[in-house]
Amino acid sequence: QVQLVESGGGLVQPGGSLRLSCAASGSIASIRTMGWYCQAPGEQRKLVAAISTGGTTNYADSVKGRFTISRDNAKNTVYLQMNSLKPEDTAVYYCNVGVVVSSTPNYLNAWGQGTLVTVSS
């Protein structure tokens, strides 16, 4: 089976920074697209950023210029560097990874457990 373990969330002041990490492990043949989603209380889960196998990135308009997604393929890990944080960034952040596995169904979208980011003074 595939497991995603997230870390890096916490309480920060407006204007501060955090770095989220998500490491994949288990029965992994290879990893495809990796991304981060956020979910604020009472709201739908939304895409924050994604990065393809080739390194192409995509960001929500609200985080462009402030957040950076990256990946370390050797470590099966995706990161989200969050700078200039705003109170409206407060949410639970979930990583999502496309995983190729050796048995049926051969391709899965795996989700992390979520890590809480709170931006408040």
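Yes/no matrix, rows are residues, columns are (1) loosely packed, with under 14 Cβ neighbours inside 10 Å; (2) free of Cβ contacts under 8 Å to residues at least 40 places away in the same chain; (3) part of a strand (DSSP E or B):
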site: V5; (1), (2), (3): no, no, yes
site: A23; (1), (2), (3): no, no, yes
site: G35; (1), (2), (3): no, no, yes
site: C38; (1), (2), (3): no, no, yes
site: G42; (1), (2), (3): yes, yes, no
site: N96; (1), (2), (3): no, no, yes
site: S103; (1), (2), (3): yes, no, no
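Of the residues A110, A49, the single one that is aliphatic (A, V, I, L, M) and either closer than 14 Å to S7 by Cα or free of Cβ contacts under 8 Å to residues at least 40 places away in the same chain (or both) is A49.
Checking the stated criteria, L116 turns out to be open to solvent by 30 Å² or more (accessible area, probe 1.4 Å) and within 19 Å of E43 (Cβ to Cβ). Filtered by the rule that a residue be within 15 Å of the chain's Cα centre (by Cα) and of a type in the set (G, A, S), the stretch 88-104 gives A91, G98. Of the conditions (1) over 12 Å from the mean Cα position of the chain (by Cα); (2) open to solvent by 30 Å² or more (accessible area, probe 1.4 Å); (3) of a type outside the set (D, E, K, R), L85 clears all except one; give me its number. Tallying (1) over 12 Å from the mean Cα position of the chain (by Cα); (2) open to solvent by 30 Å² or more (accessible area, probe 1.4 Å); (3) of a type outside the set (D, E, K, R), L85 fails exactly one: (2). Inspection of the stretch 20-34 identifies no residue that is among the basic types (K, R) and closer than 15 Å to V117 by Cα.
Can you name the residue in the stretch 105-121 that is more than 10 Å from the chain's Cα centre (by Cα) and part of a strand (DSSP E or B) and, of all such residues, is nearest to Q13 (Cα to Cα)? Applying the filter and picking the extreme gives V119. For the stretch 67-83, the set of residues classified as assigned to a loop (DSSP other than H, G, I, E, B) and in contact with a Phe, Trp or Tyr (Cβ under 9 Å, 6 or more places away or on another chain) consists of N83 only.
The values are calculated or read from the model by the stated rules, or taken from the named source; none is laboratory data. Quick caveat, the model's predicted, so the values are computed rather than measured. Glycine gets a Cβ as well: all are built from the backbone with ideal geometry, and neighbour counts include every protein chain shown. What goes into the accessible areas is simple: the full protein's heavy atoms, side chains included, and nothing from ligands, DNA or RNA. Shrake-Rupley method; radii C 1.70, N 1.55, O 1.52, S 1.80 Å.
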